[in-house]
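So the structure is just underneath, and the comments pick up after that.
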Amino acid sequence: MLTKLKKLEAAAQQALDSCADADALEALRVQYLGKKGELTALLKELQSVDADQRPVVGAEANRIKVELGEAIRAKTESMDRQRRQQQLESDSIEDVTLPSGLIMPGAIHPLTQVTHRIVEIFHGLGYAVADGPQIETDYYNFSALNFPDNHPARDMQDTFFVENGLLLRTHTSPVQIHVMERRRPPLKIIVPGAVYRHDDDITHSPIFYQVEGLAVDESITMADLKGTLRRFVVEMFGDNTPMRLRPSFFPFTEPSAEVDMGCPNCCGKAKAKGCRLCGDSGWLEILGAGMVDPAVLENVDYDPERYQGFAFGIGVERIAMILYGIDDIRLFYDGALPFLEQFA
Ligand code: PHE
């Protein structure tokens, strides 16, 4: 039996050496190691070997089985490598200048486009871009902005809290504080950025974008605020767009206002019927604004007797939805190409 095995191993080795391609190797594997292969047949004969010989013969047969299998695999791999190498060397590109036909140019996301446009408008009015952290402390997001402890206005912000008393900023207004802490008036800044609220439906997303504005100087008035916002609305939506200020409340501005623009869908004619955009009110809210509350100025060591300011917060999605007639905010975040390609 041991002699038979020796012979088989020698024959297999010889056959392996003369194998010239992958098919020959596979045939060899089947011939020896396949279900009806020669080595498999020998292994079956093992039962007829004397019991005291069996372990030795069995071990030898197994060794051959493992080694032969390994040798076939190794040769298959090396031939594969060789073949690929040859193919690489013989392949040549005939004309490297031919167009591939598959280039899909990317496009700037509509929210980014609208943000750029807003920033550009205020840039033209002398505002500089500022930036701040998205993970905030209670102090910057609330207290410094004159939200009293336990005031219901905090609940209205649907805050996401993270560890160690930190939170995801619910608006871009905390950047007002960061900037005023670092700088003295006069200042005019614009702050585009992501904000977070626990809110999710066709007009609300848990992450959305705002552009904050802040101007502080001596003798700034509400008329400056209104004139600035008027300029913005005209640049963004056109000369004849109606606009109105509605009294409102924010802890950090006094007085405060919400700003509406005439619904571009029904042209601000409140008597229109069935307008999906404005629900027949003829008006669409586009931003919150107001005169910086003296308490906020005091929190950053500005003298409220000497300085006044105004602030506003524009919802980028809101502006984009009105501009492009989009009624589901989630379209901005789905990443669906048929939607996004329309803004290329
Ligand atoms: N921070 C307010 C909000 O997110 C908007 C705002 C900004 C209002 C600045 C007034 C002044 O709702």
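The values are calculated or read from the model by the stated rules, or taken from the named source; none is laboratory data. From a predicted model like this one, the values you see are computed outputs, not experimental measurements. When we count neighbours, we look across all protein chains shown, and the Cβ atoms used for this are built from the backbone with ideal geometry, even at glycine. All accessible areas refer to the heavy atoms of the entire protein, side chains included, with ligands and DNA or RNA removed. Shrake-Rupley method; radii C 1.70, N 1.55, O 1.52, S 1.80 Å.
Just a few scattered comments:
- Dipole axis of the chain (+1 Lys, Arg; -1 Asp, Glu on Cβ), positive-most option in GLY288, MET321, GLY101: GLY101
- By the Cα gyration tensor, the chain has an equivalent ellipsoid whose semi-axes, rounded to whole angstrom, run 77, 27, 20 from largest to smallest.
- Rounded FRET efficiency, nearest 0.05, which uses the C-beta distance separating PHE161 from TYR139 and R0 of 25 Å: 0.95
- The calculated FRET efficiency for the pair GLU285 and ALA107, based on their C-beta separation and a Förster distance of 30 Å, comes to about 0.55.
- Under 15 Å from the GLU60 label point (7 Å along Cα→beta-carbon), backbone N, region 5-45: 5-11, 39, 42-45
- The Cα center of region 291-344 and the Cα center of region 111-134 differ in position by 10 Å.
- Pairwise label distance in nanometres, ASP23 with ASN150, each label 7 Å out on the Cα-Cβ vector: 8.8 nm
- HIS123 contributes an accessible area of around 130 Å² to the protein surface, as traced by a 1.4 Å probe with all chains present.
- Gain in span if fully extended, LYS226 to GLU70, counting 0.36 nm per residue against the direct Cα distance: 47.9 nm
- Taking the accessible area of the chain, probe 1.4 Å, and keeping the other protein chains in place, the carbon and sulfur fraction comes to 53%.
- SER78 - accessible surface, heavy atoms, 1.4 Å probe, Å² rounded to 10: 50 Å²
- Förster radius 25 Å - calculated FRET efficiency between ASP80 and ALA41, Cβ distance, rounded to 0.05: 0.25
- Selection among PHE208, GLN86, LEU33 by position relative to the dipole of the chain gives LEU33 as farthest towards the positive end (Cβ unit charges, Cα centre).
- Lysine pairs within the chain, Cα separation less than 24 Å, 8 or more sequence positions apart or different chains: 24
- Max mean-square fluctuation residue, GNM over the chain, Cα-Cα springs under 10 Å, options LEU88, LEU245, LEU331: LEU88
- Helices meeting the span-like rule in the chain (full DSSP H runs, Cα extent of at least 20 Å along the helix axis, mean Kyte-Doolittle score of -0.5 or higher): 2-18, 110-124, 222-237.
- Scattering profile of region 86-208 at q = 0.14, 0.18 Å⁻¹ [log10 I(q)/I(0), Debye over alpha-carbon scatterers]: -0.75, -1.10
- Cysteines in the chain that, by Cβ-Cβ distance, have no pairing candidate under 4.7 Å: CYS19, CYS267
- Taking other residues whose beta carbon is less than 13 angstrom from the beta carbon of LEU16, and scoring Lys, Arg as +1 and Asp, Glu as -1, yields -3.
- Label zone at ARG330, where the point sits 7 Å out along the Cα-to-Cβ direction: region 173-200 residues whose backbone N lies under 18 Å: 197-200
- Reciprocal of mean inverse Cα separation for region 2-94 (Kirkwood radius, Å): 14.8 Å
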